[in-house]
Amino acid sequence: MNEWDQDIYHLNDEQPLPERGSLLVAKPTVGDFFFKRSLVLIVDPDENEGAMGVVVNHYTGYNLRDIMPEIETVEEIPLYLGGPVGTQMLFFMHTLGPDVIPDAVALGDGVYFGGQFSAVKQYIELGAPVEGHIKFIVGYSGWSKGQLTSEIARHDWAVLNNGGRGLMMGEGDDNLWREAVSRFGDRYRLWLHMPSDPACN
């Protein structure tokens, strides 16, 4: 345990159980490359088999055409890094619904996960708007049975249920994390004052 694990940023607030569509907001002292100042959208909260989610606020620096040049679009569509597992796998979330993207799974507040990729490709190639409507993610975050519950119990995450479409579908990195933290109120304001790089403090 380092000094950053023993400081005033550690809040012992009781957290609700995460649900499908919940956002996990990383404690600012979490320094892992994949999860530092991350928002993790829970796709499958089933702790009996383990949980699955995707980080929604870490831009990879790449765009969809970098990995799928066959998609015909002039739009620069950012790719986000969903986590350390399956980094060769492409996922997507959207606001288009199952009428446009069959087999999509509802996450809440009009946001859906997955569905038929051929329908997404057709939507893009027809020139329909992508920003704010589709977010592409490579890789995912996974927890074995009981692991996520344990991490929440030791306060690595604050759980934000009903975070809303803006946080799930918004673009950006640290600004989305800060917006999520602000939803918890004044008690969590301290989190916002910790520098992203403690060595710069």
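Structure data summary
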{"item": "Gyration tensor (Cα) of segment 144-184, equivalent ellipsoid semi-axes in angstrom", "result": "23, 11, 10"}
{"item": "Under 22 Å between alpha carbons - lysine pairs in the chain that sit 8 or more apart or on different chains", "result": "4"}
{"item": "Tail fraction, Cα-Cα pairs, the chain, threshold 29 Å, whole percent", "result": "24"}
{"item": "Dimensionless Rg over Rh [segment 5-118; C-alpha; Kirkwood]", "result": "1.01"}
{"item": "Intensity falloff of segment 116-201 expressed as log10 I(q)/I(0), Debye formula with alpha-carbon point scatterers, at q = 0.14, 0.16, 0.17, 0.22 Å⁻¹", "result": "-0.76, -0.91, -0.98, -1.23"}
{"item": "Gaussian network model of the chain, Cα within-10 Å springs - most flexible of Y112, Y188, Y140", "result": "Y188"}
{"item": "Among G172, G139, G53, residue whose mean-square fluctuation peaks in a GNM of the chain (springs only between Cα atoms under 10 Å)", "result": "G172"}
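Bear in mind that the values in this text are calculations on the coordinates, not laboratory data. On a predicted model such as this, the values are computed, not experimentally measured, just so you know.
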